[in-house]
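The values are calculated or read from the model by the stated rules, or taken from the named source; none is laboratory data. What you see is a predicted model, and the numbers here were worked out from it, not measured in a lab. Cβ: placed from backbone, ideal geometry, glycine included. Neighbour counts: every protein chain shown. Just so you know, the surface numbers come from the protein's heavy atoms only, side chains and all, with ligands and any DNA or RNA stripped out. Shrake-Rupley method; radii C 1.70, N 1.55, O 1.52, S 1.80 Å.
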Amino acid sequence: MNITDREKLYSLFRDHGEALGTNRTTMAALQSFINAVKLLRCKREYLMVQYAELIETIKSTEPRIVPLIHLVEQFEKEIRSYADGSCDEIRDQTIRILQQKMELYESMTEEVIQVGRQYVQDNDVVITHSASTVVKRILIEAEKELNRKFSVIILKQDFLKTKQMIAWLTEAGIDHIIVPEYSLSLQLEKATKLFIGAVSVTHDKQAVAVVGSANVVSFCHFNHIPVYLFVKSLKFSHQPCTRQHIYLKVVDMAQDGCVYPLTTHSHDLIDLKLVDHLITENGEIGIGSL
């Protein structure tokens, strides 16, 4: 795979991440791997080489999709046992292992939601900042399964993400309002909690999250609004934040006769010191234990 093809694949991962979130991007990537294996036709001796090239590309995504990386690393170890088999055997075992990884990821997601919904209480006013699948499910199941009576403040950000959250909460019949991020200060008197997700949690205790998250978390922390971060343990990275490949982009902008370069990053970094509760599929864990 040449540099151009890698950059296209990285861009595709970023686009999926922005539109679908980390959870659905991880599942989509694993399913795409399965679909590609079913269509792949090559000599047996080249099959593992093709796998290795794709896996190396996945490990280098910008930003790094940590749960996907952990799952393909597990796959990489398990498939070695079948490296001397026939093409059909390798292909069949590949599909079986990848399907198991998808099932594992789904089960961990469900476990986080089961744990997380317990943190929604009657009369809560929960701030949400991104269209996290886990946060969305926690809110919906707290209302539907636990009959909690609460409301949500949706902070308007990227319109696609905001639109998704509005649609989900409206369909679930959950009371909510939409406010711009810059108007959060006027909502703090009624807010009781901030719920967020993350792409990953790094070895040096930073959470990689959607753009804008750092400002919102800092503001809530300063104003004593408890911050709840919901992540699967598969999102814990063994590497520091400097190795997460957060994507930097500079775009020339033109507005009212002014042309200027606009510098943006794909994600924010949140110091876990600002997070009050870190929730995984195993329950709440102490940040100091990471």
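Taking every C-alpha pair closer than 8 Å and separated by at least 6 residues, the mean separation divided by the residue count of the chain gives a relative contact order of 18 percent. Loop-located GluC sites (Glu not before Pro) across segment 140-186 with a Cβ neighbour count of 14 or fewer within 10 Å are Glu145, with loop assigned by DSSP. Using heavy atoms of the protein chains and a probe of 1.4 Å, the accessible area assigned to Ile58 is about 10 Å².
Please report the relative contact order for segment 222-287, taking Cα pairs under 8 Å with a sequence separation of at least 6, and give it as a percent rounded to a whole number. Don't skip to the answer; put the middle values down first.
Details: 67 pairs, mean separation 27.1, N = 66.
The value is 41 percent.
Gain on full extension, evaluated as 0.36 nm per residue between Ser107 and Asp84 minus their Cα-Cα distance, stands at 5.1 nm. Take the Cα of Val211, step 7 Å toward its Cβ, do the same at Gln31, and the gap between the two points is 2.7 nm. Each part reduced to its alpha carbon centroid, segment 41-60 and segment 91-141 end up 30 Å apart. Phi angles across segment 197-204 convert, under the Karplus curve 6.51 cos²θ - 1.76 cosθ + 1.60 with θ = phi - 60°, into 3J(HN,Hα) values of x, 7, 6, 6, 10, 8, 4, 9 Hz, Gly and Pro given as x.
If you take every DSSP beta bridge whose two residues both sit in the chain, what share of them, in percent to the nearest 5, is antiparallel? Could you put the intermediate results ahead of the total?
On the way: 18 of 38 bridges.
Restricted to the chain, the bridges split so that about 45 percent are antiparallel.
Spacing of the modelled spin labels on His265 and Asp204, each 7 Å from Cα toward Cβ, amounts to 1.1 nm. A cut-off under 11 angstrom between Cβ atoms defines the neighbours of Ile279, and their net charge, with Lys, Arg +1 and Asp, Glu -1, is -2.
Filter the cross-link list Lys149/Lys205; Lys59/Lys163; Lys156/Lys249 down to pairs whose alpha-carbon distance in this structure exceeds 29 Å. In this structure, Lys149/Lys205; Lys59/Lys163 exceed 29 Å between Cα atoms.
What percentage of the solvent-accessible surface of segment 143-279, computed with a 1.4 Å probe over protein heavy atoms, is contributed by carbon and sulfur atoms? Walk me through the numbers on the way to the answer.
Details: 3990 of 7270 Å².
That fraction is 55 percent.
Taking all protein chains as they are arranged and a probe of 1.4 Å, the heavy atoms of His265 leave approximately 100 Å² accessible to solvent.
The largest accessible area among Arg243, Arg41 belongs to the first residue in Arg41, Arg243, and the rest follow in falling order (1.4 Å probe, all chains). For Thr242, the accessible area of its heavy atoms, probed at 1.4 Å with every protein chain present, is near 120 square angstrom.
Using a 1.4 Å probe, what is the accessible area per residue for the chain, in Å²? Before the final figure, lay out the partial values.
Values: 14460 Å² over 290 residues.
The answer is 50 Å² per residue.
Sorted largest first by accessible area at a 1.4 angstrom probe radius, with every protein chain in place, the residues Glu189, Glu106, Glu78 fall in the order Glu189, Glu106, Glu78. Between His176 and Val152, the built amide H atoms are under 5 Å apart, and every one of these is 5 or more places off in sequence or on another chain.
Computed over neighbours whose Cβ is under 11 Å from that of Cys220, the net charge equals 0, Lys and Arg +1, Asp and Glu -1. Place a point 7 Å from Cα of Cys258 in the direction of its Cβ. Which residues in segment 164-190 have their backbone N less than 20 Å from it? Answer for segment 164-190: 182.
Explain nothing, just the number: relative contact order of segment 152-218, from Cα pairs under 8 Å at least 6 residues apart, as a whole percent.
On the way: 49 pairs, mean separation 18.3, N = 67.
RCO, segment 152-218: 27 percent.
Computed from Cα atoms, the angle from the helix 159-172 axis to the main principal axis of the chain rounds to 70 degrees.
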